[in-house]
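The values are calculated or read from the model by the stated rules, or taken from the named source; none is laboratory data. What you see is a predicted model; the values in this text were computed from it and never measured. We place every Cβ from the backbone using ideal geometry, glycine too, and count neighbours over all the protein chains shown.
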Amino acid sequence: MNKALRLLSERFPDYESASTELLRLTSILELTKGTEVFVSDLHGSHETFENLIRIGFGTIEQIVDSTVSVDTSAQEKRELLSMIYYPQDTFELYEHRVDRKESLTRVVSNMLKVMNTLLGTYSMGRFNEVMTSKFDAVIWDLVNRNATNQGYVLSVIDNLFALHLENNIISDMAILIRKLSIQKLHVIGDIYDRGSGADLIVDQLIDHQECDVQWGNHDVVWMGAAYGSEACIANVLRVSLRYGNIGTLIRYGIHLIPLATFALKYYGDDPAIGFEPKTDDDEAMSDAEKDLNKIMHKAVAIIQFKLEGQLIARRPKFNMDSRLLLDKIDFDQNTIKINGEIHKLSSSFFPTIDPEDPYSLTHDEDELIFRLKKCFLESYRLQAHANFLFEKGGMYKVSNNNLFFHGCVPVDQDGDFIPVDLGRGQYQGKSLFDFLNQTIKNAWPIKVGENAEYSKDLLWYLWTGPLSPVFGKDKMATFERYFTSDQLLHTEKKNTYFSLRENEAFCIKLLGEFGLNSTDAIIINGHIPVSVRRGENPKKGNGKLMVIDGGFSKAYQAQTGIAGFTLIHDAWGRQLFTHLSHKEEIVAQSGYLNKFKKEDLSRHKKLHKVKDCPEGEVITERIDDLKDLLRSYQPASICLTSPKVSHIQQQVLN
Ligand SMILES: O=P(O)(O)OC[C@H]1O[C@](O)(COP(=O)(O)O)[C@@H](O)[C@@H]1O
Ligand SMILES: [Mn+2]
């Protein structure tokens with residue numbers, strides 16, 4: 001018995017357990033391919049996200065269309081969709097109808113049909129994981145008997161009405177349909193920052209039965225903060241204050257009074273021009289609150305530049321000396337020298353910077369950051385969310401011929417992979433992703449020692465380093481944007497990857513690097529908003545690469561002109577959904593309104609089963625291994641079985 005087989009035999013030590021597993025896997029191959037949903041750049045827009053989860057990212061409408069009978073009117077279909085998406089709001093539509101009972105019975109019956117269609121993509125084991133209602137047994141019974149025994153189903157529904165449980169069961173069925181509609185949810189980074197509800201989104205992701213997150217730069221910086229990186233902590237505080245959004249910090253229990261007290265003490269008289277919160281809701285803060293927000297924002301920005309300076313000095317291999325700017329300030333002239341040129345600074349008020357030692361924290365700054373760090377490390381909720389991101393997250397993933405990662409693969413002008421040495425060996429292309437992935441994942445749960453310190457700094461590098469695949473720009477011009485007015489200094493130059501990906505041959509080369517050679521394979525990225533308004537296309541490299549950052553973040557919707565993209569990969573192929581609206585427009589008095597556009601990216605001639613997909617190939621390999629194992633068990637079991645059974649065994653094993 002070879003090593004692989006021996007390992008398998010530890011999990012399946014006898015003929016019975018191995019053959020049960022073989023049967024389970026064989027039946028999965030016959031299932032319809034489940035729906036995979038790809039989203040990116042959610043940026044704290046939890047209301048938009050909640051809405052998209054409720055509408056199954058647009059897929060539930062498709063299933064309803066293909067499932068309910070042709071004589072269902074458009075109005076009835078809209079009401080059914082409303083009921084699945086927002087049952088509590090939709091019950092009101094039925095409250096005073098004379099035919100309430102008949103209408104709701106039809107709703108239940110249609111929901112059962114929808115569930116039945118969705119079940120075609122689930123094994124029993126997976127289906128059980130999704131079920132969480134106290135009505136599970138009733139729902140399961142109804143789904144199974146709906147096609148064959150209508151009399152039975154109607155009598156159960158009748159009883160539910162008699163017990164006044166119809167609304168409860170409908171809501172639970174709606175939840176189940178919503179869950180079943182998205183078999184795998186892939187988030188391609190940037191859950192955090194800009195909007196105020198990132199933590200609420202993570203709650204939803206944790207709740208989903210199969211969700212993975214490919215880290216974005218705005219996620220790694222929060223992971224770094226949760227890990228206790230002071231530079232990351234300063235960054236997440238600064239960005240939260242920049243957007244006047246402290247909801248996530250508050251729900252994480254990050255205590256901001258020490259920062260407010262510090263800011264009042266040192267910056268109380270500073271107009272802090274340039275530190276106004278970028279909020280789209282003028283009512284959200286009073287003028288006094290905005291003033292306080294401004295000085296807290298500036299105070300933490302200065303602390304950030306100091307901590308980053310210290311980090312850059314202790315990690316020479318990060319090669320970021322060009323970001324050391326505080327020591328280039330002439331405090332007498334109020335200027336800064338960048339790339340040999342002198343620029344005027346917009347503020348001359350730096351009460352905590354010692355010109356002789358600009359990167360050292362003052363005693364009060366040191367104490368402040370110590371207290372803040374304690375909050376980040378002791379926040380149970382933040383740590384639980386970080387745990388999810390470290391465990392379910394990664395630098396990239398391959399699933400059914402989709403290769404997805406947030407930003408870029410760093411390349412030079414010719415499209416060759418740049419060798420990157422961050423102090424732990426040189427890596428490029430896929431090996432760079434694997435190195436980063438392993439180093440970050442191995443660091444969790446929080447450890448002490450040099451490896452942990454390195455990982456902490458690496459998380460910060462990933463947020464802002466020029467060769468970070470999740471950032472991919474030559475610099476983050478934060479200091480320049482706050483303190484200088486020269487637009488040229490504000491420019492962040494993107495890695496060549498972002499222009500080369502327009503080229504099909506380049507995309508094919510990348511896919512090959514990650515082991516994807518099928519003509520069906522594509523890359524999916526987020527990170528750079530696609531401005532549909534300006535005529536930009538999310539499709540790059542002749543369809544070999546899709547960029548799905550469409551502006552879930554309200555802050556970016558004016559730029560993109562839409563409310564986000566989702567890419568759906570189901571049994572029929574891939575589709576791009578362009579979302580145009582939010583909840584208010586969806587639940588109107590008349591029920592559901594269609595507010596997204598769909599575009600086929602690829603369409604199979606026939607419905608794909610699991611066995612037709614790459615995931616099926618993996619399962620088939622596992623089945624072959626199990627067959628080998630069963631052969632090794634066979635002699636003992638044959639003498640225990642009748643000739644008839646061993647004949648069946650022989651068929652399965654062939
Ligand atoms: O104006 P803001 O929101 O501070 O964001 C600007 C910063 O965000 C970044 O664009 C990074 O965020 P994204 O990953 O969302 O692009 C930086 O390159 C830039 O300095
Ligand atoms: Mn990003």
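Residues considered: Ser518, Ser499. Of these, the only one that is assigned to a helix (DSSP H, G or I) and among the small types (Gly, Ala, Ser) is Ser499.
Total residues in the stretch 28-54 satisfying the condition of being assigned to a loop (DSSP other than H, G, I, E, B) and either outside the structural domain of Gln575 (by TED's automatic domain parsing) or farther than 15 Å from Leu205 by Cβ (or both): the figure is 5.
Listed by first and then second residue, the pairs with beta-carbon distance under 8 Å, at least 6 apart or on different chains, first residue in the stretch 478-494 and touching a residue at least 40 places away in the same chain (Cβ under 8 Å), second surrounded by fewer than 15 Cβ atoms within 10 Å (Cβ to Cβ) and of a type in the set (Gly, Ala, Ser), are Tyr482/Ser346; Phe483/Ser346; Thr484/Ser346; Ser485/Ser346. Considering the stretch 547-576, and only residues there that are within 16 Å of ligand 2 (Cβ to nearest atom) and touching a Phe, Trp or Tyr at 6+ places or on another chain (Cβ under 8 Å), the residue that is modelled with the lowest pLDDT turns out to be Ala555.
For the stretch 55-73, filtered to residues that are outside any loop (DSSP other than H, G, I, E, B) and of a type in the set (A, V, I, L, M, F, W, C), the residue that is nearest to ligand 1 (Cβ to nearest atom) is Phe57.
Is it true that some residue in the stretch 424-443 is in a loop (DSSP other than H, G, I, E, B), among the aliphatic types (A, V, I, L, M) and in contact with a Leu (Cβ under 8 Å, 6 or more places away or on another chain)? Before you say what the answer is, go through the steps one by one.
Quick first cut of the stretch 424-443, residues in a loop (DSSP other than H, G, I, E, B) only: 424-425, 428.
Among the residues that remain, those that are also among the aliphatic types (A, V, I, L, M) are: none.
Within the stretch 424-443, not a single residue is in a loop (DSSP other than H, G, I, E, B), among the aliphatic types (A, V, I, L, M) and in contact with a Leu (Cβ under 8 Å, 6 or more places away or on another chain).
Among the criteria (1) acidic (Asp, Glu); (2) within 30 Å of Val610 (Cα to Cα); (3) away from ligand 2 (no atom under 16 Å from the Cβ), the one Asp41 does not fulfil is (3).
Yes or no, residue by residue, for (1) at pLDDT below 95; (2) of a type in the set (A, V, I, L, M, F, W, C); (3) touching a helix residue (DSSP H, G or I) at 6+ places or on another chain (Cβ under 7 Å); (4) surrounded by 20 or more Cβ atoms within 10 Å (Cβ to Cβ):
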{"site": "Glu378", "(1), (2), (3), (4)": "no, no, no, no"}
{"site": "Phe388", "(1), (2), (3), (4)": "no, yes, yes, no"}
{"site": "Glu391", "(1), (2), (3), (4)": "no, no, no, no"}
{"site": "Asn401", "(1), (2), (3), (4)": "no, no, yes, no"}
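Among the residues of the stretch 455-465, are any among the aromatic types (Phe, Trp, Tyr) and over 23 Å from Ile523 (Cβ atoms)? Looking for residues that are among the aromatic types (Phe, Trp, Tyr) and over 23 Å from Ile523 (Cβ atoms), one finds at least one in the stretch 455-465, hence yes.
With without any contact (Cβ under 8 Å) to a residue 12 or more places away in the chain and closer than 22 Å to Leu205 by Cα as the only criterion, which of Asn128, Asn144 stands out? Reasoning before the result, please.
On the way: Asn144 fails: closer than 22 Å to Leu205 by Cα.
After ruling out the rest, the residue left standing is Asn128.
Have a look at Ile508, Ile522, Ile446 and point out the one that is more than 16 Å from ligand 2 (Cβ to nearest atom) and free of Cβ contacts under 8 Å to residues at least 60 places away in the same chain.
When all the criteria are applied, what remains is Ile508.
Do we find a residue being under 22 Å from Lys598 (Cβ atoms), within 16 Å of ligand 1 (Cβ to nearest atom) and of a type in the set (Phe, Trp, Tyr) anywhere in the stretch 496-517?
No, the stretch 496-517 has no match at all.
All told, Ile446 meets the bar of being among the β-branched types (Val, Ile, Thr), part of a loop (DSSP other than H, G, I, E, B) and either under 24 Å from the mean Cα position of the chain (by Cα) or assigned by TED's automatic domain parsing to the domain that holds Lys374 (or both).
Just for the stretch 198-217: of the residues that are part of a loop (DSSP other than H, G, I, E, B) and crowded, with 24+ Cβ neighbours inside 10 Å, which one is nearest to ligand 1 (Cβ to nearest atom)? First the steps, then the outcome.
So in the stretch 198-217, the residues part of a loop (DSSP other than H, G, I, E, B) come out as 208-210, 215-216.
Going one step further and asking which of them are crowded, with 24+ Cβ neighbours inside 10 Å, we end up with 215-216.
Working: Trp215: 11, Gly216: 6 Å.
Filtering first and then ranking leaves Gly216.
Applying the selection to the stretch 338-365, what residues are surrounded by 14 or more Cβ atoms within 10 Å (Cβ to Cβ) and over 15 Å from Phe305 (Cβ atoms)? Residues satisfying the conditions are His343, Asp364.
Taken over the stretch 467-487, the residue count meeting the criterion of being within 11 Å of ligand 1 (Cβ to nearest atom) and in a loop (DSSP other than H, G, I, E, B) is 8. The condition of being surrounded by 16 or more Cβ atoms within 10 Å (Cβ to Cβ), in the same structural domain as Leu580 (by TED's automatic domain parsing) and within 24 Å of Lys397 (Cα to Cα) holds for only one of Phe91, Phe57, that being Phe57. Each residue in the stretch 449-466 was checked for being away from ligand 2 (no atom under 15 Å from the Cβ) and assigned to a loop (DSSP other than H, G, I, E, B), and 1 of them qualify. Just to be sure, is Gly228 in contact with a helix residue (DSSP H, G or I) (Cβ under 8 Å, 6 or more places away or on another chain) and away from ligand 2 (no atom under 15 Å from the Cβ)? For Gly228, the condition - in contact with a helix residue (DSSP H, G or I) (Cβ under 8 Å, 6 or more places away or on another chain) and away from ligand 2 (no atom under 15 Å from the Cβ) - is met.
In the stretch 520-550, the residue that is nearest to Glu615 (Cα to Cα) out of those that are surrounded by fewer than 21 Cβ atoms within 10 Å (Cβ to Cβ) and of a type in the set (Asp, Glu) is Asp520.
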